[in-house]
Structure formats: C-alpha cells, structure tokens
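*Asks:* After the structure tokens below, expect a handful of questions from me.
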Amino acid sequence: FAAGRLAASWIQKRISATTTMLYSLFIAQFIVLVIIFSRGITAIVAVTLLGFFVSIFFPTVYALAIEGLGERTGQASGILNMGFLGSALLPVLQGKFADLFSLPLSYSIAILPYAFVVYFVMRIKSEKDKVLI
C-alpha cells in the first residue's frame with residue numbers, strides 16, 4: 001500500500017492526477033477480475049497488487065473533489081468524509097457475499113464503487129478540459 005502511494009506521488013508530478021487516477025482505477029478493476037477468476041499464488045499476488053493501485057484513491061479523490069471550492073471547502077470536506085465513512089459498509093457486504101458465495105467472488109463488490117469513481121474522475125477531467133479550451 002505504502003509503495004503504491006509513494007509511486008503515485010512520484011508519477012503525479014509528471015502526469016495529471018485525473019489521468020493517474022483513471023489508469024489506477026482501470027488496472028484495479030482488471031485486478032479484481034483476476035482475483036475473481038484465479039486461485040492460488042496468482043490470486044495472492046493479485047490481492048497484493050490491488051492494494052498497490054488502490055492506495056492512490058483516497059488522497060486523489062479527496063483533492064480533486066475539494067479543488068477550487070473556496071469558502072465551501074470545509075463543508076465539502078465534511079460531506080466527503082461522511083461519504084468515505086459510508087464506504088466502511090463495503091467490507092461488511094463483502095464478508096456476507098463471501099459467506100454466501102465465495103471469497104474470490106466477493107471481490108466483485110468493489111466493481112460498482114470503482115465504476116462510480118471512474119465516472120467522477122472522468123467528469124472532473126472533462127470539466128478541466130473545457131476550462132483549458
């Protein structure tokens with residue numbers, strides 16, 4: 001996790017945060033599929049790699065979400081933190097899913113939130129592109 005965060009910090013000095021985030025999201029979604037459909041050492045390595053690519057999510061989404069809000073930054077920060085607290089339900093859902101089906105299949109729970117973050121980052125990226133034009 002820490003290695004992924006350090007690597008992302010270095011990469012974001014050269015590539016925009018939105019682009020780095022999108023690449024990380026797509027790679028993370030691919031890794032989730034590897035976890036679901038593989039077993040043994042491949043699945044273990046995939047779970048480890050997932051942590052590497054997910055490490056960028058919180059700080060980058062947080063920074064992108066509050067960027068340029070001026071006076072409303074504090075309020076937006078509070079709302080954002082409440083949303084992150086809501087994501088604490090995902091491990092509980094994943095555990096229930098693992099009990100009902102299987103541990104590898106329980107990782108599919110992550111696909112929907114990752115897809116939402118892809119939408120969020122792409123929307124921010126398109127708004128920034130409009131400003132540049």
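*Asks:* By how many nm would the segment from residue 101 to residue 71 lengthen if fully extended, with 0.36 nm per residue of separation less the alpha-carbon distance?
*Replies:* Extra length available between residue 101 and residue 71 comes to 6.1 nm.
*Asks:* Straight-line reach only, C-alpha to C-alpha below 16 angstrom: list the aspartates and glutamates that residue 125 could link to, leaving out same-chain residues fewer than 8 apart.
*Replies:* The reachable aspartates and glutamates, counting only those whose Cα sits under 16 Å from residue 125, are 67.
*Asks:* What's the FRET efficiency of residue 93 with residue 19 using the Cβ-Cβ distance as r and R₀ = 25 Å, to the nearest 0.05?
*Replies:* Values: r = 30 Å, r/R0 = 1.21.
Approximately 0.25, to the nearest 0.05.
*Asks:* For the peptides 13-22, 64-73, what is the packing order when you average, over each peptide's residues, the other Cβ atoms within 10 Å and list the highest mean first?
*Replies:* 13-22, 64-73
*Asks:* Expected output is a single nm value to one decimal: the length gained when fully extending between residue 39 and residue 108, i.e. 0.36 nm times separation in residues minus the C-alpha distance. What is it?
*Replies:* Between residue 39 and residue 108, full extension yields an extra 23.3 nm.
*Asks:* Fewest to most neighbouring Cβ within 10 Å: what's the order for 111, 41, 36?
*Replies:* Result, fewest neighbours first: 41, 111, 36.
*Asks:* Another question, if that's okay. Return the calculated 222 nm mean residue ellipticity for the chain, to the nearest 500 deg cm²/dmol, obtained by summing -39500 (n - 2.57) across DSSP H runs with n ≥ 4 and dividing by the residue count.
*Replies:* After summing the helix terms and dividing by residue count, I get -26000 deg cm²/dmol.
*Asks:* With helices defined as uninterrupted DSSP H runs, which ones in the chain have an alpha carbon span along their own long axis of at least 24 Å and mean Kyte-Doolittle hydropathy of at least 0.0?
*Replies:* Details: long enough: 17-37 (30 Å, 2.10); 111-132 (31 Å, 0.66).
Flagged H segments are 17-37, 111-132.
*Asks:* Could you tell me what fraction of 2.2 N^0.38 Å the Cα radius of gyration of the chain comes to, as a two-decimal ratio?
*Replies:* Here the answer is 1.14, to two decimals.
Read-outs: derived from the displayed coordinates by stated rules, not from any lab. For clarity, every value in this text was computed on a predicted model and none was experimentally measured. So basically every Cβ, Gly included, is an ideal-geometry build from the backbone, and we count neighbours across all protein chains shown.
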